[in-house]
1. Determine which member of the set B:377, B:389, B:406 is under 13 Å from residue B:168 (Cβ atoms) and at pLDDT 95 or above.
2. Within the range B:186-262, which helices (runs of 4 or more DSSP H) (wholly inside it) include 1 or more residues that are more than 14 Å from every other protein chain (Cβ to nearest Cβ) and at pLDDT 95 or above?
3. Looking at the range B:6-27, is at least one residue within 14 Å of chain A (Cβ to nearest Cβ), surrounded by fewer than 22 Cβ atoms within 10 Å (Cβ to Cβ) and modelled with pLDDT under 90?
4. Restricting attention to the range A:40-69, which residues are within 12 Å of residue A:162 (Cβ to Cβ) and crowded, with 18+ Cβ neighbours inside 10 Å?
5. What strands (runs of 3 or more DSSP E) lie completely within the range A:224-336 and have 2 or more residues being modelled with pLDDT of 80 or more and surrounded by fewer than 20 Cβ atoms within 10 Å (Cβ to Cβ)?
6. Against the conditions (1) under 25 Å from the mean Cα position of the chain (by Cα); (2) under 19 Å from residue B:169 (Cβ atoms), where does residue B:382 fall short? Just the number, please.
7. Where residues in the range B:84-99 are surrounded by fewer than 20 Cβ atoms within 10 Å (Cβ to Cβ) and either touching a residue at least 60 places away in the same chain (Cβ under 8 Å) or within 11 Å of chain A (Cβ to nearest Cβ) (or both), which of them is farthest from residue A:176 (Cα to Cα)?
8. Here are the criteria: (1) within 14 Å of chain A (Cβ to nearest Cβ); (2) in contact (Cβ under 8 Å) with a residue 12 or more places away in the chain. Tell me which single one residue B:104 does not satisfy.
C-alpha cells in the first residue's frame with residue numbers, strides 16, 4: 001500500500017507518496033523528508049526575517065555569507081542556468097518582484113524596492129543587473145564556501161528554484177532509507193520521482209496546458225501532456241499562476257530579468273524534465289520566458305512548452321520526446337494534427 | 001513581581017522621549033551584540049549530528065569568530081550529514097575520541113539523546129572544555145545533579161541550553177512582565193502542538209530502540225520533558241520561583257503503533273502563592289501545560305495572564321494584550337498591532353527604536369534569527385569573555401527536575417509535590 005503524507009511549506013502543499021509495506025517506518029521516513037522541506041522554507045523564505053536568504057539580502061553586500069555544501073550547490077546551479085539561458089532565469093529579481101507588486105511582504109530592505117512604473121527606477125537602482133552590468137547578482141567562493149552580492153541593491157528571490165532544491169534534499173532522505181519507489185511534489189508544479197510505482201515502468205504525471213475548458217468547478221486548463229518520470233524530476237512554470245493588478249492591467253508573476261518587466265513570451269506553460277528538481281524548476285522558468293530551451297541544450301534536460309499561436313495553443317518539444325513526454329491522447333485528439341505539424 | 005522591579009522599569013521607560021523607544025531600549029543593543037558575539041575566536045566541536053546537532057551547526061556558522069572544527073556521531077550517515085554542513089570539520093566516531101584527539105576544540109555542544117548527556121557532559125567538563133548541553137539536561141534528577149555539580153566546580157562555562165533566557169523578545173517581554181504593564185500574575189498556559197509520529201526511521205530493525213529513545217518509556221521524559229522543559233524554564237525565568245506541585249495525565253490519541261509513551265499530555269503545576277488571599281487553602285496561580293503529537297494547531301507558545309494584560313510568547317514572536325482598564329503608558333498608541341479574532345495584540349518588536357526611526361517598524365515583526373541562534377551566541381560570548389552563561393547548570397537542573405517530576409505525574413496519574421530539595425545540587 002502506498003503511504004501518503006503532506007505538509008504546508010513555501011506557500012503551497014508538499015505531498016509525498018512512498019511505496020512499501022511497513023506503514024510505521026514509511027510514516028517516519030515521510031516525516032523526516034517533509035521536515036527537510038520545512039527546514040528549506042526556513043532557509044529560503046523571502047517572508048521571514050530569520051531566513052538565510054533574508055540574511056544574504058541584508059548582509060551579503062557587506063560581507064560574504066557562509067553556506068553549507070547543499071546550499072552552495074543550489075547557487076552554483078542558479079548561476080549555471082542563468083548563464084546557459086542567456087539571463088532568462090536569474091535569481092536577482094527580488095527587487096523587481098516587489099516593485100511589480102508581487103511579493104509585497106517580502107523581507108527586503110526598503111532601499112531595494114523601487115517603483116517599477118517609474119521609467120528610471122529599474123535602471124537607477126540596479127533592478128535589472130543582467131542588462132546593466134552583465135554580471136550575476138552574486139558571486140561564489142568555492143574555497144571559503146561563501147556567497148557575496150555583487151550590487152549594493154542586489155536582492156535574491158529563489159522562488160523559481162527553492163522548491164526544487166527542497167524536493168531534491170527530501171528525495172535524498174527517502175533514498176538514503178532504501179526506499180525505491182516514491183513521488184514527492186510541491187504544489188504540483190515541482191515533482192521528483194524515485195524509481196517507478198510497483199509494477200510500472202515510470203511515474204506518469206499529467207501537465208495541464210492549452211485552452212481553458214469549462215468545468216463544474218470553473219474554468220481550468222485542459223491536460224495535454226504526460227511526463228514520464230523515473231529517477232527524474234519535473235518542473236512546470238506557467239503564466240496563469242499568481243498574478244497581480246497593476247493600474248488595471250493583469251500581469252503574470254514570472255519576470256524577464258533582461259527587460260525588468262513581467263515576461264511577455266508566447267509560452268503559456270513550460271514543463272521541463274531534468275536529473276534534479278532544482279534544475280527542472282529553474283529551467284522551466286527559463287523555458288517559459290524564452291518560449292523554449294533556447295540555444296542551450298543542457299545535458300539531461302528536455303522541455304515541453306505550450307506556445308500560443310494564431311491557430312491556438314501548440315506544444316513544442318525539445319529533447320528526448322519519445323522517452324520523457326507523451327501526448328495525452330484521451331483528451332487531446334482534437335489537437336493531434338497541430339501537434340504533428342509542429343514536429 | 002516586586003515594587004522595586006516596577007520602579008526600575010519605569011525609570012527606564014520614563015527616561016525615554018516619545019513613545020516607541022520604551023519598547024526598544026535594551027533589545028536593540030541585544031540584537032547588535034548577538035550579531036557580533038565576540039572579538040575572539042572559538043573552536044567548537046559538535047557531539048551528536050542528528051536533527052538538533054545539524055540545526056546547531058547551521059546557527060553557529062552565522063556567528064563571527066566561530067569555527068566548527070570537529071563533529072562526532074556514532075552513526076556514519078548522520079556524521080556525514082553533519083560534515084556536509086561544516087566545511088573543514090573533522091569527523092569522529094565517539095565523543096571520547098573527539099575530546100581526546102581534537103586538541104584545538106575549546107568548546108563542545110552536546111546534542112545527543114538526553115539519557116546520554118551525563119557521561120558526555122562529565123567527560124567534556126573534565127577535559128577542560130566549555131560546554132553547551134542541550135535541554136533537558138539529563139533523564140534523571142541524579143544525573144542532572146552530577147552534571148550541575150561538575151559544572152559548578154569547573155572554571156569553564158557551562159550553558160544548559162535553555163533558550164528563553166537569551167531570546168531578545170522573551171527578555172523584552174520579561175521587562176513588561178515585571179512592570180505594571182502586566183501586574184499580578186493570574187495564570188500561565190503553555191502548549192506545544194505538532195502533528196508527527198516522533199519516530200526516527202530505522203532501516204535496520206536492530207537499531208529501532210536506540211534511534212527511537214524518545215519512545216522508550218524506560219529513558220524517555222515524554223513530551224513534557226523533551227519539549228516542555230524549554231517552556232517550564234520560561235516560567236522559571238519570568239517568575240524566579242518554582243512550582244510546588246504537579247499533576248497530569250496522558251494518552252495515545254493518534255499513534256497507536258505499539259508505543260507506550262503518550263502522544264498527548266496535559267499537566268497542571270501549582271505555582272507559589274503570591275500573597276493574595278487564597279480560597280481553599282490559598283494555593284497560587286496555576287500553570288497549565290499541554291502537548292500533542294496528534295494536532296498542530298497554534299504550535300508552541302506560552303501565555304502569562306496578568307491583572308493588567310496578557311503576554312503571549314511564541315519563540316520568534318511576542319504580543320501583549322492589554323485590559324481596557326489597564327493604565328496607559330504612552331508608547332502603546334504608536335505600537336504595531338495584530339488582530340487575533342476578538343483581541344488586538346501589541347506586537348513586541350525587539351529592535352523597535354531603530355526600525356521606527358527608519359519608518360520600518362512593520363519589518364521588525366519576528367526575530368531576525370532563530371531562538372537557538374541567540375542561545376548559542378550567548379554561549380560563545382560567555383566562553384570567549386569568560387563570563388557566566390545566560391542559563392546556568394543550576395537553571396538546567398531546576399527546569400529539568402521539574403519536567404522529570406511532571407512526566408512522573410503524567411505516567412503515574414499521581415499528584416507529585418515538588419520539594420525544594422529536588423531542585424538543588426545537594
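1. Numbers: B:389 fails: under 13 Å from residue B:168 (Cβ atoms); B:406 fails: under 13 Å from residue B:168 (Cβ atoms).
Selected residue: B:377, the only one of B:377, B:389, B:406 that is under 13 Å from residue B:168 (Cβ atoms) and at pLDDT 95 or above.
2. On the way: elements: B:208-211, B:222-226, B:228-239.
In the range B:186-262, the matching helices (runs of 4 or more DSSP H) lie at B:222-226, B:228-239.
3. Scanning the range B:6-27 turns up no residue that is within 14 Å of chain A (Cβ to nearest Cβ), surrounded by fewer than 22 Cβ atoms within 10 Å (Cβ to Cβ) and modelled with pLDDT under 90.
4. Correct list: A:40, A:41, A:43, A:44, A:45, A:46, A:51, A:52, A:53.
5. Values: elements: A:232-238, A:243-246, A:249-252, A:267-274, A:302-309, A:312-318, A:325-327.
Once the strands (runs of 3 or more DSSP E) in the range A:224-336 are filtered for at least 2 residues that are modelled with pLDDT of 80 or more and surrounded by fewer than 20 Cβ atoms within 10 Å (Cβ to Cβ), what remains is A:302-309, A:312-318.
6. Unmet for residue B:382, out of (1) under 25 Å from the mean Cα position of the chain (by Cα); (2) under 19 Å from residue B:169 (Cβ atoms): (2).
7. Among those that are surrounded by fewer than 20 Cβ atoms within 10 Å (Cβ to Cβ) and either touching a residue at least 60 places away in the same chain (Cβ under 8 Å) or within 11 Å of chain A (Cβ to nearest Cβ) (or both), it is B:88.
8. (1)
The values are calculated or read from the model by the stated rules, or taken from the named source; none is laboratory data. For clarity, every value in this text was computed on a predicted model and none was experimentally measured. Glycine gets a Cβ as well: all are built from the backbone with ideal geometry, and neighbour counts include every protein chain shown.
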